[in-house]
Each structure stands twice: as structure tokens, then as C-alpha cells.
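J.: Take a look at the following structure, please.
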Amino acid sequence: MLAPNIDPVAVSFGPVKIHWYGIMYVLGFLALWWFAARRAKRPDSGWKPEELGDLVFYGMLGVILGGRLGYVLFYNLAYYLRHPLEIFFITEGGMSFHGGLLGVLLAMLYFARRTNRTFFQVADFIAPWTPIGLGLGRLGNFINHELWGKVSDVPWAMVFRTGGPLPRHPSQLYELALEGVALFLLLWWFSRRPRPVGSVSGLFLIGYGVARFLVEFVREPDAHLGYLALGWVTMGQALSLPMIFIGIGLLAWAYRKRAA
């Protein structure tokens, strides 16, 4: 099966090109804003819809700057040390979720201090809608024919234009389904009722970490990194394991604190 051959450039105006990958990021932030605004209208939310503009803006900065710097540092530092100007070529791809997460954490910490909230009040409010952007980002990876999976003979395996002549796992779609759709539904259901502060954030870390760790078994590791240990541990798994353990600890702490 051939993967759909969609032009990565959605629209071009002379030298200006708008990529589908960038559009997915914009759609992700708009969806987050819309869902968060609906939740903020609840009488017991503790939020005002007009506050969300600043929150989304800081979150965008955190995702873009953190995601790009995370990719540079975690996945291809040697290359970018030789080609430093290419660090700014974001439209050509190369974003790290784990770097973006760190950037968003810093952005939320800054916003929390500005609005006299605790960090976890902000994190719990924004976490349920984050999977929407994650899923759309994976769809952008699929359109770009990047981050494909290992060679496979499953009936739905696809041949990607950048992956050679053999069919591969469409791992981008697996991640869209798990990190995007499934995690969104889980967090949306969990956050519908009042939960202990920190618990929604903890569940997000667990959910994403487990989904990413599992998909890495069928995702082709970055060629310049390969496997880090034991012949199967990838960089994505090495970065996801701490998320899982921190999420479990955070969830346990949140419920223990409420029971105390």
C-alpha cells in the first residue's frame, strides 16, 4: 500500500510557503483555545475566558522554542553545531515532544506566577486539550512522510517516499490514535469531574509516556542515533520512561494529599 502522496506545502505565495505541518500546529492551538474556553465558562472553573489568550500565547512559545531546541539537543546536536543557522528552519521539520513539554512547563510556571495560581492549577487546566495538538502534529508527520515505522508485512503497512521501497508500519497514525485520540478521550473523561490538584497532569504524563513507549517498538529509530541500549531502547523510550514514573508519583501524591 502506498502512503498518500500529499504535497507538504499547502499554499505558496511566491517565495512564501505554508506547510501542512505548520497548519497542524495552528489548528492544534486553536482547538485547545476553543475547548479550554468552553471549560472556563463553567461557574466552578476558576478561570475567565479572556485569560486564555495569554495562556495560549505563552504555550505556543513554549512548544515552538522548546520543541525545536529539544530536537537539536536530544536528537541531532552534532549536525546543528556544524550548521547552526538551520536551527531556525522549523518549517522543514525537526521538533521534539519532550523538548516542547519542557518549554510548556516553563511557560505555565511563568503564567501561574503572573496570575497568582499554582503551577498545577494551570497544568491541570491545559493538560486535557494538549493531545489534540499532539495528534494533529502526528498527522503532519504522516503528510511529510517522516518518522515512519519499521519494515513490516502487516496488511496496512505503507510505502513512504522517504522510506525506501519496502512497506512500513504507519507509526505516525498509531501515535495519532494513541497520543491524540485515545489520550484526549481519557483526559476529557477524567477531568469532567473535580479531581485532586496535580492528578490530571499526572495522568497526562502516564498516558503519553506509555503510548510513546509502546509505539517506539515499531517506529524506526533515528538513523543517526539508532538504539541507545540493549538493542531496542530508543531515545523516545529513554525520554518517556521518566515521564511515566513522574506521572505515577504525581498521581499518588495528589490523591494522598486530598485524603490527608
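The values are calculated or read from the model by the stated rules, or taken from the named source; none is laboratory data. Bear in mind the structure is a predicted one, so any value in this text is a computation, not a measurement. Note that we place each Cβ from the backbone using ideal geometry, even for glycine, and neighbour counts take in every protein chain shown.
J.: Of the residues that sit in the stretch 179-213 and are among the charged types (D, E, K, R) and more than 18 Å from SER96 (Cβ to Cβ), which one is modelled with the highest pLDDT?
T.: Of all residues in the stretch 179-213, those among the charged types (D, E, K, R) come to 179, 192-193, 195, 212.
Subsequent filtering for residues that are more than 18 Å from SER96 (Cβ to Cβ) retains 192-193, 195.
Numbers: ARG192: 89, ARG193: 89, ARG195: 92.
Per the stated criteria, the residue is ARG195.
J.: What are the pairs with Cβ atoms under 7 angstrom where one residue, in the stretch 1-17, is closer than 18 Å to ASN141 by Cβ and the other, located anywhere, is among the polar types (S, T, N, Q)? Sequence gap at least six, or different chains.
T.: Every condition considered, the pairs that remain are PRO8/ASN144.
J.: Output the residues belonging to the stretch 62-86 that are among the basic types (Lys, Arg) and under 21 Å from GLN237 (Cα atoms).
T.: ARG68
J.: Continuing with the same structure: Pull up the stretch 40-76, narrow it to residues that are at pLDDT below 75 and not in a loop (DSSP other than H, G, I, E, B), then point me to the one that is surrounded by the most Cβ atoms within 10 Å (Cβ to Cβ).
T.: Checked the stretch 40-76; the qualifying residue surrounded by the most Cβ atoms within 10 Å (Cβ to Cβ) is TYR75.
J.: Taking helices (runs of 4 or more DSSP H) that do not extend beyond the stretch 150-248, which have at least 1 residues that are at negative phi and charged (D, E, K, R)?
T.: Counting at least 1 such residues, we get 171-175, 199-215.
J.: Checking ARG168 against (1) in contact with a Leu (Cβ under 9 Å, 6 or more places away or on another chain); (2) buried (at least 16 other Cβ atoms within 10 Å of the Cβ); (3) basic (Lys, Arg), only one condition comes out false. Which one?
T.: Condition (1) is where ARG168 drops out.
J.: Same structure, new question: Among the numbered criteria (1) assigned to a helix (DSSP H, G or I); (2) farther than 24 Å from VAL181 by Cα, which single criterion is violated by MET108?
T.: (2)
J.: Is it fair to say LEU101 is surrounded by 20 or more Cβ atoms within 10 Å (Cβ to Cβ), at pLDDT below 90 and closer than 28 Å to PRO170 by Cβ?
T.: Judged against the criteria, LEU101 is a match.
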